[in-house]
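Chemist: There's a structure below that I have some questions on.
The values are calculated or read from the model by the stated rules, or taken from the named source; none is laboratory data. This structure is a prediction, so every number in the text was calculated from the model and none was measured. Glycine also receives a Cβ, built like all others from the backbone with ideal geometry; neighbour counts cover every protein chain displayed.
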Amino acid sequence: MKSNTKYIEVIDHYAYFVNNRRFNFLFLVILSIFGYISTFPPNENNFSIFYYSYIHLSNNLPLYILYPNEHFDYFFYNPVFATLMGPFTLFPVSISRFFWIIFLTIIFEYTLSKLPLKINYKFYFLLLVFFDFFNNLTHMQGNIPSVACMLLCWVYFEKENFLLATFFTVMAFAIKGYAGIIGLIFLFTSIKNIKKSFIYGLFWFIIIHSIPLLVTKSIPLLVKNYKEWIEVISSSTIREQYSFFGINQVLNLQLTDNVIYIIALIFLLIGFYIQKLYFKNTLFLTSWLMIIVVLFNQSAESPTYIFAVVGMTLLFLYLKNKYISIGYWIAMSICTFFPVGVISFVDTLKYEYFSKAFAVLFFAIIVIISILSKKTEINEITIEA
């Protein structure tokens, strides 16, 4: 115990770096350079998809078909996302790729700075999610902005700044549709605030989803793009199985999609029940939504688990329970700490047996049991909003 306490004291000693501007700038520069160097050709494809989506949109070309001469795989994002990629197309792909990495790093740092966590817990959070952040950075995924929007929604919701909270909710949806689930935290405020948030949300939804008009100059074409987007995200084209759908396959449970969605609804309602009964701060529900949005997502890929990792880490820091702690370290060992391409057995578990999904489900069940058995205390990790 003494050695553990001493280790924690050493970590706490360096926690002040999180709020140090020079450290943040140095962190930004180093991370961007290493991120750029680490973006090997296979990973460049993700950014190429984003890059050319704006070019296709601005030339009134279909967004959701294959362009094998430019990249492989489909563009699955909202037309708003394609529009926001416009500034990056001012430069060649190889240069814009570096700016994209800088942009993602800035978003990560900004979100970290806004989290209302005590400085030592903010430092723990940084250390624990860093690997998944860097993994997404090198893959140049759109998960980082989505995670940031979900967290910033929670930040401003707790401050009762519903105008900004709804802005980040709509932006989360505009980047990755399923990230809009964070809007469910608005159910945990007064009726008056719910009505106000609904009006704000509707305002932002119209404004943000009208942005592509600046490029397309055509309402019918924009409506067509949105219809095609809804079709592609609801089709089997993006069925990756890195979720409960994979568990269903591996265990040969033969559950239909509707049954899996009912199970997802049960997990969601359990989260609502726990939030209502045990917590005032919506940190629990925010974390829970980030976990289940991946766990029951048919389009989840390996990098998508940054959502779950962030959610699990916040719960690990927030909830004081030895079983939750054990479950967290087991889940993180499977999801994060064993690198891909080093041990073939681990790779097989991750990609053929969907071990990440099993790990997150295991952690979620432990959290439910630990809280409902009333053996869990709360760590005061947040500061006043």
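Chemist: Are any residues in segment 331-385 farther than 25 Å from Ile260 by Cβ, modelled with pLDDT of 60 or more, surrounded by fewer than 17 Cβ atoms within 10 Å (Cβ to Cβ) and not aromatic (Phe, Trp, Tyr), and if so, which ones?
Modeler: Ser333, Ser373, Lys374, Lys375, Glu377, Ile378, Asn379, Glu380, Ile383, listed by residue number.
Chemist: Output the residue which, of all residues in segment 89-108 that are among the aliphatic types (A, V, I, L, M) and within 17 Å of the chain's Cα centre (by Cα), is surrounded by the fewest Cβ atoms within 10 Å (Cβ to Cβ).
Modeler: By that ranking, first place goes to Ile106.
Chemist: Now, a different point. Confirm whether Tyr305 is touching a residue at least 60 places away in the same chain (Cβ under 8 Å), buried (at least 21 other Cβ atoms within 10 Å of the Cβ), hydroxyl-bearing (Ser, Thr, Tyr) and at negative phi.
Modeler: Yes, satisfied.
Chemist: Out of all the residues in segment 255-301, which are touching a residue at least 40 places away in the same chain (Cβ under 8 Å), farther than 26 Å from Pro116 by Cα and hydroxyl-bearing (Ser, Thr, Tyr)?
Modeler: The one that is touching a residue at least 40 places away in the same chain (Cβ under 8 Å), farther than 26 Å from Pro116 by Cα and hydroxyl-bearing (Ser, Thr, Tyr): Ser299.
Chemist: Can you confirm whether segment 109-129 contains a residue that is at pLDDT 90 or above and under 13 Å from the mean Cα position of the chain (by Cα)?
Modeler: yes
Chemist: Another one. Working carefully through the options Ile262, Ile199, find the one that is farther than 22 Å from Met150 by Cα and exposed (fewer than 14 other Cβ atoms within 10 Å of the Cβ).
Modeler: Being farther than 22 Å from Met150 by Cα and exposed (fewer than 14 other Cβ atoms within 10 Å of the Cβ) holds for just one of Ile262, Ile199, which is Ile262.
Condition check ((1) modelled with pLDDT of 70 or more; (2) assigned by TED's automatic domain parsing to the domain that holds Ala300; (3) of a type in the set (Asp, Glu); (4) surrounded by fewer than 16 Cβ atoms within 10 Å (Cβ to Cβ)) across all residues:
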| site | (1), (2), (3), (4) |
| --- | --- |
| Phe34 | no, no, no, yes |
| Thr39 | no, no, no, no |
| Tyr54 | yes, no, no, no |
| Glu70 | yes, no, yes, yes |
| Phe81 | yes, no, no, no |
| Pro87 | yes, no, no, yes |
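Chemist: Also, I was wondering about something else. Do you know which of the residues in segment 227-246 that are crowded, with 16+ Cβ neighbours inside 10 Å and under 22 Å from Ile208 (Cα atoms) is modelled with the lowest pLDDT?
Modeler: Ranking the candidates gives Ile233 first.
Chemist: Here's something else I'd like to know. Restricting segment 247-256 to residues that are modelled with pLDDT of 90 or more and in a helix (DSSP H, G or I), which is farthest from Leu295 (Cα to Cα)?
Modeler: Applying the filter and picking the extreme gives Asn248.
Chemist: Another one. Mind checking which residues of segment 362-384 are polar (S, T, N, Q) and over 25 Å from Lys122 (Cβ atoms)?
Modeler: The one that is polar (S, T, N, Q) and over 25 Å from Lys122 (Cβ atoms): Ser373.
Chemist: Sticking with this one: Output the residues belonging to segment 257-316 that are outside any helix (DSSP H, G or I) and either of a type in the set (Val, Ile, Thr) or assigned by TED's automatic domain parsing to the domain that holds Asp132 (or both).
Modeler: Thr282
Chemist: In addition: Of the residues that make up segment 114-122, is at least one more than 30 Å from Leu315 (Cα to Cα) and aliphatic (A, V, I, L, M)?
Modeler: no
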